[in-house]
Each structure stands twice: as structure tokens, then as C-alpha cells.
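Bear in mind these aren't lab numbers, they're just calculated from the coordinates by the rules spelled out. The structure presented is a predicted model; accordingly, all values stated were derived computationally and were not measured.
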Amino acid sequence: MKHFNKSVLCLLLVLLLAAAALTGCAQTPASTEAPKTEAQTEAPKTEAPTEAPTEAPKTEAPTEAARPQIQPEELGEGSTMIYLDVTDRDGSTSSYAIHTDAETVGEALAALDMIEGENGMYNTVCEQTLDWETDHMYWAFYIDGEYAPTGLDQTPVTADAHYALTATAG
């Protein structure tokens with residue numbers, strides 16, 4: 001009987017310790033932990049994905065909130081207004097408000113001599129040439145901050161849309 005009492009007592013003690021360990025780890029709002037500094041609360045830095053140029057590029061076009069408040073240069077003539085941000089290989093951005101009657105973005109930019117290339121492959125934008133063969137860079141095309149599923153020549157002009165061409169390393 002003594003052995004049975006000791007076994008029950010040991011079992012109860014183990015259960016009590018397990019319950020205390022599980023509930024003792026919960027942190028209460030009135031924690032005594034020192035407040036974290038700004039450096040400790042920053043989001044961890046992540047590496048850029050290594051994807052092929054046919055997928056979303058490593059750099060992203062600025063979102064509407066992150067877009068710098070630059071007065072765009074007005075170009076062209078027409079009844080429809082579109083906006084274009086061009087970010088070169090050094091990260092400098094030029095903004096344009098383009099008036100056009102063209103049906104596609106490619107037509108609108110070509111009419112203003114803003115793009116050069118052949119067969120829909122534009123390697124020169126605003127007199128800045130990128131060459132995939134030598135520097136592994138290309139012009140990534142964005143529509144309203146999202147990587148475009150179509151090229152310049154397949155994208156219809158949409159009034160007040162924000163387009164971007166960004167020099168992107170592949």
C-alpha cells in the first residue's frame with residue numbers, strides 16, 4: 001500500500017509540474033520584459049527571390065502610396081490621359097502624364113519616341129538602353145503597381161491608369 005501511495009503521489013506531482021510548465025509560459029500584458037528598441041522591432045530582411053525574367057522581377061514598381069510626389073512632365077496630344085513612371089538602372093525615376101488617342105500603351109509611347117525596339121521587344125526607353133546579353137537587365141512593365149501580364153503592344157490604353165517601366169536585373 002505504501003508503494004501505491006508513493007506512485008500516486010509521484011504521478012500527481014508530474015501532472016502538477018506539467019500543468020505549471022504549460023501555463024507558466026504564457027506572457028501576460030503586464031510583462032516585466034523591457035520594451036524593444038526600434039532596431040529590435042524591425043521586420044527581418046529577406047533576400048530577393050531568384051526567378052527567371054519570365055516571372056515577376058526582383059524589383060517592384062512603387063506603389064501608389066510609395067510613389068514620390070513628382071510633378072509629371074506632360075507630353076502628347078489626345079483625349080485620354082495615362083501616367084508613366086520610368087525608373088532607370090540607377091534608381092532615378094522620371095514621371096510623365098501622357099495625352100493620347102492611341103489604342104495601346106506601346107502605340108502611345110512609340111508615337112512620342114519614348115521607346116525603341118523591334119517585334120514588341122523594347123530595349124530602349126527614354127533614350128536609356130538595356131541589353132540582356134551584356135548586362136542581364138530588361139525593362140519590367142507594370143500596370144497600376146502590378147507586374148504586367150501583357151506587353152506594351154498588347155496593353156490597351158486605360159484612362160488615368162498608372163504604368164511603369166523599371167530597369168530590372170534578371
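Once you have the Cα-Cα distance between THR158 and LEU75, take 0.36 nm times their residue separation minus that, and quote the gain in nm to one decimal.
Values: separation 83, 0.36 × 83 = 29.88 nm, distance 1.63 nm.
Answer, rounded to one decimal: 28.2 nm.
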>> Taking 0.36 nm per residue of sequence separation and subtracting the Cα-Cα distance, how much length would be gained by fully extending the chain between ALA169 and THR124, in nm to one decimal?
In response: 14.7 nm
> Residue by residue through the stretch 97-111, which ³J(HN,Hα) values in whole Hz follow from phi under the Karplus form 6.51 cos²θ - 1.76 cosθ + 1.60 (θ = phi - 60°), with glycine and proline marked x?
Replying inline: 10, 10, 8, 8, 10, 5, 8, 10, 5, x, 5, 5, 6, 5, 4
